[in-house]
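The values are calculated or read from the model by the stated rules, or taken from the named source; none is laboratory data. This one's a predicted model, so the numbers in the text were calculated from it and none came from an experiment. Cβ sites come from the backbone with ideal geometry, for glycine too, and all protein chains shown count toward neighbours.
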Amino acid sequence: MNYSELKKDIISYSKSIGIDKIGFASSDPFIEMKNLLIRQQELGYQSGFEEKDIDKRTDPSLIFDGPRSIIAIALAYPSRMKDAPKGKKGERRGIFCRASWGIDYHVLVREKLDQLASYIDSKVPNSRFKLMVDTGELVDRAVAERAGIGWSGKNCSIITPEFGSYVYLGEMITNLPFEPDEPLHDQCGDCRLCLDVCPTGALVQGGQLNAQKCIAFQTQTKGFLGDEFRGKLGNRIYGCDTCQTVCPKNKGMDFHVHPNMEPDPEIAKPLLQPLLAISNRDFKEKFGTISGSWRGKKPIQRNAIVALAHFKEKSAVKDLIVVMRDDVRPVMRGTAAWALGKIGGPEAEEALLQAEKEEQEEEVLLEIKKGLEFFAVQDEAY
């Protein structure tokens, strides 16, 4: 088998099926990444969503019998929404990050990898593959960097010369000996915009992220949002794009080449108040096809409450009182209590005082107290 010619054929085929970039890498262990992950673990910087076994994350031979190369791919996604609805008083809107626009990217990238694997198998019968998109053992970013897809930016994203960092990544380990491509040189230079504007300082230094402080991670947690993050959330209800939108390498990057990635504006920028009472069935029907729904409705609803507090949306007070009084989930009741204090007004204060008498859960009572403290501060100001 002439693997050099096969590689050319694969590259040509990948373009014909809409893969925007492809690269080939060796299947050697990722020693540098292993050391980084060990350090991240020691510092408590991991999110907890990752594969726990660092060896499996960095040594392809532990998850695939006889690896000889890895093929990495990238699909470019849009950075701007056409006909984006604008929120206004009485009709405030939240926002899902760009990586959650359109159909779940795990599905889209997996489809391309499946097509690519089938094509290679037709050329080399009995070839073997292990396909991964985000939730696999290997670190997508490390594979993409080695395969020459892009360089690993200071914002911990892969940045491609052609599409900036607005790309979805996937890879397949193979038992075929393809010649590896050359990695790209780091092109971030002295720029540190992403580090300077990160809302929570989660980017500790170039290429190092404390996931526990990252807004994107925090929007996916299911418990109470830490006090230190509530004022940073804005109207984000899933994910955060700040470190990408400020990147000079992303200036002018906006690609609309995959129809399934186009956002439905009413899903990507939904009205906040209807989210407070949305049923599980309606949530799945409306949001079930996007990647931002993977944790269920609870984090989205909690974040919507925080966003309404951010806007000090008076029209939401009645809805928030219902949540505080009737929701069976302590996180929702407590977050609504805090939000009512943040928004303020006589109706909110009266409801909080009544809830203080009736609430039994200690953690909710603490949030009610926080809500009432906003009124105490206002009184002192006068």
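Scanning the stretch 70-96 for residues that are crowded, with 21+ Cβ neighbours inside 10 Å and not small (Gly, Ala, Ser) yields ILE70, ILE71, ILE73, LEU75, TYR77, ARG93, ILE95, PHE96.
Go through the residues of the stretch 331-342 one by one and say whether even a single one is assigned by TED's automatic domain parsing to the domain that holds VAL377, closer than 26 Å to LYS232 by Cβ and outside any helix (DSSP H, G or I).
Start the filter on the stretch 331-342 by keeping residues that are assigned by TED's automatic domain parsing to the domain that holds VAL377, which leaves 331-342.
With the extra rule that they be closer than 26 Å to LYS232 by Cβ, the set shrinks to 331-342.
Within this subset, residues satisfying the condition of being outside any helix (DSSP H, G or I) are none.
No, that holds for no residue.
One residue stands out among those in the stretch 123-169 that are under 21 Å from ASP53 (Cα atoms) and in contact with a His (Cβ under 9 Å, 6 or more places away or on another chain): the one that is surrounded by the fewest Cβ atoms within 10 Å (Cβ to Cβ), which is THR135.
Kindly check whether there is at least one residue in the stretch 292-313 that is in contact with a helix residue (DSSP H, G or I) (Cβ under 8 Å, 6 or more places away or on another chain), buried (at least 20 other Cβ atoms within 10 Å of the Cβ) and among the basic types (Lys, Arg). Within the stretch 292-313 (the criterion being in contact with a helix residue (DSSP H, G or I) (Cβ under 8 Å, 6 or more places away or on another chain), buried (at least 20 other Cβ atoms within 10 Å of the Cβ) and among the basic types (Lys, Arg)), the answer is yes, since at least one residue qualifies. Number of residues in the stretch 11-31 that are surrounded by fewer than 19 Cβ atoms within 10 Å (Cβ to Cβ), part of a helix (DSSP H, G or I) and in contact (Cβ under 8 Å) with a residue 60 or more places away in the chain: the value is 1.
The sole residue among ILE343, ILE300, ILE305 that is β-branched (Val, Ile, Thr) and within 15 Å of GLU373 (Cα to Cα) is ILE343. Within the stretch 102-130, residues that are farther than 18 Å from SER69 by Cβ have Cβ atoms under 7 Å from residues that are polar (S, T, N, Q) and part of a helix (DSSP H, G or I) in these pairs: GLY102/ASN260; ILE103/ASN260; ASP104/SER291; TYR105/SER291; HIS106/SER291; LEU108/ASN260, counting only partners at least 6 apart in sequence or on another chain. The residue of the stretch 52-109 that is farthest from GLY288 (Cα to Cα), among those that are among the β-branched types (Val, Ile, Thr), within 17 Å of the chain's Cα centre (by Cα) and not in a helix (DSSP H, G or I), is ILE95. Of the helices (runs of 4 or more DSSP H) lying entirely inside the stretch 227-314, those carrying at least 1 residues that are more than 24 Å from ALA74 (Cβ to Cβ), small (Gly, Ala, Ser) and touching a Lys or Arg at 6+ places or on another chain (Cβ under 8 Å) are 297-311. Test LYS222 against the stated conditions and say whether it is among the charged types (D, E, K, R) and either within 21 Å of LYS312 (Cα to Cα) or not in a loop (DSSP other than H, G, I, E, B) (or both). When the stated conditions are applied, LYS222 does not pass them. Under the condition of being in a loop (DSSP other than H, G, I, E, B) and over 29 Å from LYS269 (Cβ atoms), the residues counted in the stretch 37-51 number 5. Only one of the numbered conditions (1) touching a helix residue (DSSP H, G or I) at 6+ places or on another chain (Cβ under 7 Å); (2) among the basic types (Lys, Arg); (3) outside the structural domain of GLY344 (by TED's automatic domain parsing) is violated by ARG325, and that is (3).
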